[in-house]
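What follows is calculated from the coordinates using simple rules that are stated; it is not laboratory data. Worth saying up front: this structure is predicted, and the values here are computed from it rather than measured. Positions of Cβ are backbone-derived with ideal geometry, glycine not excepted, and every protein chain shown enters the neighbour counts.
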Amino acid sequence: MQQVQRDSSERYRAAFAAAGLHKEHLIFPVFVSDRQGSISSMPGMSMTSVEKVADYVQAIAGAGISSIIVFGIPKTRDNNGSPAASNDGIVQQAVRAIKSSFGSSMNVTTDVCVCQYNLSGHCGILRKDRVDNDATLEVLAEIAKSHVEAGADIVAPSSMMDGQVRAIKNAIGRKTKILSYSAKHASSLYTPFRSAAFANARLQIDKSPYQVSYANKRQAMMEIETDINEGADMVMIKPALAYLDLVRMAKDKFRFPIAVQNVSGEYAMIKAAAMHGLIDEEEWKVCSIASIRRAGADRIISYFSLDVAKYL
Ligand code: PBG
Ligand code: ZN
């Protein structure tokens, strides 16, 4: 006889156990800004300041999560995004604060890109309306170096420039690991993130010249292969849910560590539907995270990481 009513938290625990998910697989995103407070495009998420970041991370550690990825939302932007590489930039200061409180007990990854720091919002240096790949590589290398000096354990280039792994590897050496955003698909699912990062406008930027097309699985596999050959320690596929076939394909093909980012739009969709009473939020958080693990992800970056840790 099957018992009809089972406690839902017991079901969620069982789902994660069946998927082989453990707390070590989860990474929680931390937004550091000088404006602290809630992020309206991502209900339930908030940004923190450099002063408060250690307390903020304490709550994450308290939930048993020992990996974070730090995104910076700086006060000022310029043409080339130079605040991104400043030694007293927002990410660099935050990483120093986190590392001085938590040391090796908190694994810190940093997002390496210029789009939160330049005026265009593009992930590269613009020359006459086009992204200049090689000029951007130099800037990415400088940013990564400053993150390493601040104490980052892993740097994660997210700009999708060709040669980003090699350029960063040459600049930082072998000590700090590189998680490359290898197959980052052009997608409107980044819009809630962009509205958090941009106080006004520039939400719908066309990044398709350098991000992967959703229809092209061969391009995704090629990008991953290139980054592995350039020396990446882990590769990433994002968004998550509509791309799980690619996660499995890449896992089988390369047998290499794969991270998946469950992006802001995927978070917002579940939150919005739940707020309208259309779905069971808790169930869908659990289902989606379990399915990402089942597809073959070794690390999952998700805004739900904290919420679901209680079932692990
Ligand atoms: C910056 C960056 C973005 C995301 C991660 N790093 C935004 C973008 O490419 O426009 C998206 C994350 C999310 O939506 O959760 N390069
Ligand atoms: Zn970017």
(message) List the pairs from 145/175; 175/251; 169/217 whose alpha-carbon separation is above 21 Å, in the order I gave them.
(response) 175/251; 169/217
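Between residue 309 and residue 128, how high is the FRET efficiency from 1/(1 + (r/R0)^6) when r is the Cβ-Cβ distance and R₀ = 41 Å? Nearest 0.05. Walk me through the numbers before you get to the answer.
Numbers: r = 47 Å, r/R0 = 1.15.
Calculated value: 0.30.
Below 8 Å between Cα atoms, with a sequence gap of 6+, how large is the relative contact order for the chain in percent? Mind dumping the intermediate values first?
Numbers: 602 pairs, mean separation 61.0, N = 312.
Reported relative contact order: 20 percent.
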(request) For the chain, give the magnitude of the charge dipole about the Cα centre (Cβ charges: +1 Lys/Arg, -1 Asp/Glu; no others), in debye to the nearest 20. (result) 300
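Within the chain, what percent of beta bridges assigned by DSSP are antiparallel, to the nearest 5?
Details: 5 of 38 bridges.
Here the share of antiparallel DSSP bridges comes out near 15 percent.
Would you list 280, 129, 88 from fewest to most Cβ contacts within 10 Å?
Details: 280 14, 129 7, 88 11.
Ascending number of Cβ neighbours within 10 Å: 129, 88, 280.
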(request) Pull up the cross-link candidates among the aspartates and glutamates for residue 184, meaning alpha carbon to alpha carbon under 16 Å and not fewer than 8 places away within one chain. (result) 111, 162, 206, 223, 225, 227, 245, 266
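Please arrange 148, 70 by counting, for each residue, the other beta carbons lying within 10 Å of its beta carbon, fewest first.
Ascending number of Cβ neighbours within 10 Å: 148, 70.
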(request) Quote the FRET efficiency, to the nearest 0.05, computed for residue 217 versus residue 88 with a Förster distance R0 of 51 Å and r equal to the Cβ-Cβ distance. (result) 0.75
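Using DSSP to call loops (not H, G, I, E or B), can you name the trypsin sites (Lys or Arg not before Pro) in segment 69-168 whose Cβ has at most 15 other Cβ atoms within 10 angstrom? Mind dumping the intermediate values first?
Numbers: sites: 75, 77, 96, 99, 127, 128, 130, 145, 166; in loops: 75, 77, 128.
Answer in residue order: 75, 128.
Helix-only estimate, please: 222 nm mean residue ellipticity of the chain, summing -39500 (n - 2.57) across DSSP H runs of length 4 or more and dividing by its residues, to the nearest 500.
On the way: 11 runs with 125 residues, N = 312.
The helix-only estimate for the chain comes to -12000 deg cm²/dmol at 222 nm.
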(message) Please report the spacing between the Cα centers of segment 149-196 and segment 249-297 in Å, no decimals.
(response) 21
(message) Expected output is a single nm value to one decimal: the length gained when fully extending between residue 119 and residue 138, i.e. 0.36 nm times separation in residues minus the C-alpha distance. What is it?
(response) 5.0 nm
(message) Compute the angle between helix 8-19 and the longest alpha-carbon principal axis of the chain, please, reported from 0 to 90 degrees and rounded to the nearest 10.
(response) 60
